[in-house]
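What follows is a single structure, written as structure tokens, with notes after it.
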Amino acid sequence: MFKIDWNRRTCSKRGHVTYAPTEPALRARLEAHTELGEVWRCLRCGDFALGAPHGSGPAGQAPLVPRGKALRDLFILRFLAIERLFRGVLIILIAWAVWKFSNSQDAVREFFDQNLTVLKPVTDHFHYDLEHSPIADTIRKSFDYKHSTLLIVAGALLAYALIELVEAVGLWLGRRWAEYLTVVATAAFLPLEGYELTHHVSAVKVCTLLLNVAAVVWILVSKRLFGLRGGVVAFEAERHSASLLEVEQAAGTPRAAVKSA
Ligand SMILES: [Zn+2]
């Protein structure tokens, strides 16, 4: 099966992370001397990297380097963040268009009717009744919307876009509150998306709905939100058990000492 080595993939992009713990026993497991100089085990990929360590101090203060599954999860979260960034920007543009339209409804209506008249000979030629076509009717209907209604629509769109942008920033940074916000906000809009589908089915709508359902389920389960699968305690324990330094610590210390620590 095709398998990505997330640790090496990240190290090749961002470089290794080395750390010299002050505890001598632990230090000995991470350090080695070669003819080229000292080498230190990378906390992410486990390879030895040449040169002085990037940091030092008690093992407890070592940076918690995301490894393996945690790195893959971060990658998925960032994909979702980018998707939300694009959606947020797009919706801001739509909100802006609605707001502009609300301020110049009459001018746009005039412009629309004029152009409809200009196009009439062309569409007549093709025996297409543009003036009474569904598209023209839909557009004409929107001219009858009240100014205040359009402002409310623009405001709601803007609020929705802001939620998407906040989600994007938080997910990119891998924050737990952003995962909660994403799950709650996305799930809240799922019924609306489903309702939309009953009116008009399009590939984009179906894909968006599927992506959102998948995102909600995946975040809920893999991030153990709302106490699922042991909740935040189990999530932190899983993250720490994947830390190379803590694996080395457990390996280098007698079992009894680990338990009492
Ligand atoms: Zn590395």
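The values are calculated or read from the model by the stated rules, or taken from the named source; none is laboratory data. Remember, predicted model here, so these are calculated numbers, not experimental data. Every residue, glycine as well, gets a Cβ built from its backbone with ideal geometry; the counts of neighbours run over all protein chains shown. To get the accessible areas, we keep the full protein, side chains included, count just its heavy atoms, and leave off ligands, DNA and RNA. Shrake-Rupley method; radii C 1.70, N 1.55, O 1.52, S 1.80 Å.
Taking residues in region 131-149 that are of a type in the set (Phe, Trp, Tyr), and partners anywhere that are not in a loop (DSSP other than H, G, I, E, B), the pairs with Cβ atoms closer than 7 Å and at least 6 places apart or on different chains are 143/105; 143/109. Can you tell me how many residues within region 1-33 are basic (Lys, Arg), in a helix (DSSP H, G or I) and more than 15 Å from the ligand (Cβ to nearest atom)? Residues in region 1-33 being basic (Lys, Arg), in a helix (DSSP H, G or I) and more than 15 Å from the ligand (Cβ to nearest atom): 2 in total.
The single condition from (1) more than 22 Å from residue 85 (Cα to Cα); (2) not assigned by TED's automatic domain parsing to the domain that holds residue 131 that residue 188 fails is (1). So is residue 50 within 16 Å of the ligand (Cβ to nearest atom) and either more than 30 Å from residue 221 (Cβ to Cβ) or open to solvent by 70 Å² or more (accessible area, probe 1.4 Å) (or both) or not? It is true that residue 50 is within 16 Å of the ligand (Cβ to nearest atom) and either more than 30 Å from residue 221 (Cβ to Cβ) or open to solvent by 70 Å² or more (accessible area, probe 1.4 Å) (or both).
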